[in-house]
Amino acid sequence: MHQWSGTPIMNASILHQRIKALAALDIILSEEDWLRVHRYHHNTLQPDTAWGSVNNGAGDHLHVLFTNTGTLLKGFDHESPLSPHNREDGEIYPGMYDEVPEVFMRILSQHEETLARKDVTFCIWQEGHNLDWKTGSSVGLAMAQEDQSDAEGGVAFLFGYIEETPKSYIDWAEDYYDIQDMSLTAVTEIYNNAPISADLIRELNPKRDVLAVMDELQQYGYAVR
């Protein structure tokens with residue numbers, strides 16, 4: 001395996017908290033699941049496994065698997081030269097899944113329809129107590145030999161949807177969901193992993209059915225009060 005040397009990726013525990021917060025905010029802001037960009041589920045693929053995802057609705061996605069043994073990032077940028085659909089043979093880029101820990105490969109294979117294993121332009125993981133992100137050796141070699149922005153498979157592009165701060169999320173959400181004057185305090189509470197209350201939901205989206213939101217959040221593993 002090869003140490004990831006492309007676009008810097010945040011610590012897995014921070015990523016877990018961030019994508020969970022973004023998904024909660026999208027649930028609050030949008031009644032329509034198909035409009036949401038960020039999603040988070042706990043224990044749906046298998047016990048003790050959380051699954052976060054980004055889907056921009058334009059054919060690009062990021063799946064993140066959080067397990068007791070590590071974290072896997074699998075992304076697909078449909079315009080990347082590493083996409084199977086942009087390769088003459090139509091196959092996954094050679095070595096993309098080489099050396100990926102078996103626990104992750106098993107989940108990817110068992111949940112093909114959800115995780116779209118064959119649509120992949122990057123696969124990166126952390127394992128155990130080693131905080132370094134890894135990728136397959138052949139992919140790492142390609143990054144060293146080719147233009148890195150192409151060879152990393154859209155990492156920077158897709159991680160651009162993981163908003164770094166409450167303010168940056170508000171800037172994105174007000175444009176995407178056509179909402180004005182979102183509460184920075186309320187968004188910050190959710191970014192800080194606070195239990196989500198009915199008052200917090202009403203502050204962010206007075207038009208939303210609070211009970212429906214609370215029920216959906218609980219199903220997906222959120223703390224509510």
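The values are calculated or read from the model by the stated rules, or taken from the named source; none is laboratory data. Every value quoted in this text rests on a predicted model; they were computed, and no experiment measured them. We place every Cβ from the backbone using ideal geometry, glycine too, and count neighbours over all the protein chains shown.
L15 fails exactly one of the following numbered conditions: (1) modelled with pLDDT of 95 or more; (2) touching a Leu at 6+ places or on another chain (Cβ under 6 Å). What is the number of that condition?
Status for L15: all satisfied but (2).
Considering the range 98-129 alone, what residues qualify as being among the acidic types (D, E) and on the phi < 0 side of the Ramachandran plot?
D98, E102, E112, E113, D119, E127
Name the one entry in V155, V210 that is of a type outside the set (D, E) and out of contact with any strand residue (DSSP E or B) (no Cβ under 8 Å at 6 or more places or on another chain).
Testing whether each residue is of a type outside the set (D, E) and out of contact with any strand residue (DSSP E or B) (no Cβ under 8 Å at 6 or more places or on another chain) leaves just V210.
When you look at E127, is it within 18 Å of the chain's Cα centre (by Cα) and surrounded by fewer than 17 Cβ atoms within 10 Å (Cβ to Cβ), yes or no?
no
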